[in-house]
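Peer 1: One structure is given below, represented as structure tokens, and several questions about it will come after.
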Amino acid sequence: MRKTRSILMIVLASLMQALPLCAQKEVTDIKMIGIGPNNILDTYLSPEQYTGLELRFIDQMESWKINPESLKDADFPCPSEAPRWTSLLTHQALLSYSKPRSEDASYIYGLYSFTYALQYHWHLCANRLELRAGGQAEIGLGFLYNTRNGNNPAQARAYLNLAPSGSARYHFTIKRKPAALQYELSVPLLGVLFSPNYGQSYYELFSKGNYDHNIVVTTPVSAPTLRQMLSFDFTIKNDMFRVGYLGDYEQAKVNNLKYHTYSHLLILGYVHRFQIFKLKNQK
């Protein structure tokens, strides 16, 4: 079986070399699991802070166009003649369970978010150091449920954020195997957030249609937020893995209500890189 697979790979590689390739796209797909403590405050549901455990799944895919000729004899290929824009798609889904100091109640928190980023990158130090900077848009939908509350037991989460984002990545080898150390950062500058007003019930809002400034524009003053990740990619045999730390700090003070979630997560992931080839137009 292994011999057959090796033969097929050799035949496929030979065919790809024989085809008239004009360009290709490099794609990195990273599947990650994060687990760690979190801290939640939502004064609409309770004045107490709740602490507990969070589990998060992250699917991140980045892609950029490169010239196939630039890949020859290069440990860290980076063509200067090719476009240096990278697109980054990120899906995140999290679920957490937390309690206050009295332990007489609990929060169940769930959230899904999608992020699209476009970044320009620079390569230094013989292509070992890679710097990226650009912008991103993130949309999130979720819920926060308090098991003790009779009135207003749940809070909806909905937001859209625009943020500058950037990263620094250093490529190197360990025993001739590819490895990389990376730091990523994003800080929202402008957004919109759904929030009930102080003392307003969801019954008033949805059943009676009593709007009370429930779509709020947010800035770093009213909603200081930061997300950062430090990660290390390493290779075992022919597979690349990731281990790292994700710090996600979200805060808001709107409609006389305070809200925050602080997450400190250990990240474990699998890194899969592949290439998409294109054929030259034949006349």
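Peer 1: Find, among the trypsin sites (Lys or Arg not before Pro) in the range 144-193, those assigned to loop by DSSP (not H, G, I, E, B) with at most 11 other beta-carbon atoms within 10 angstrom.
Peer 2: LYS175, ARG176
Peer 1: Which percent of Cα-Cα pairs in the range 135-254 sits in each 10 Å bin, short to long?
Peer 2: Per 10 Å bin, starting at zero, the Cα-Cα P(r) for the range 135-254 comes out as 11, 30, 25, 17, 11, 5, 1 percent.
Peer 1: Computed FRET efficiency, Cβ-Cβ of GLN49 and ALA126, R0 45 Å: what is it to the nearest 0.05?
Peer 2: Efficiency, rounded to the nearest 0.05: 0.40.
Peer 1: Something else now. Label the range 76-176 by shape, choosing from rounded, prolate and oblate, from the square roots a ≥ b ≥ c of the eigenvalues of the Cα gyration tensor; if a/c is under 1.5 it is rounded, and otherwise prolate applies when a/b is larger than b/c, oblate when it is not.
Peer 2: prolate
Peer 1: If I model a spin label as a point 7 Å beyond the Cα along the Cα-Cβ vector, how far apart are those points for ASP29 and PHE241 in nm?
Peer 2: A separation of 2.0 nm, rounded to one decimal place.
Peer 1: Could you give the nm distance between label points at SER63 and GLN228, where each point is 7 Å from its Cα heading toward the beta carbon?
Peer 2: 3.2
Coordinate-derived values only; no laboratory data. All values reported here derive from a predicted model rather than from experimental measurement. Reconstructed Cβ throughout: ideal geometry from the backbone, glycine too, with neighbour counts over all protein chains shown.
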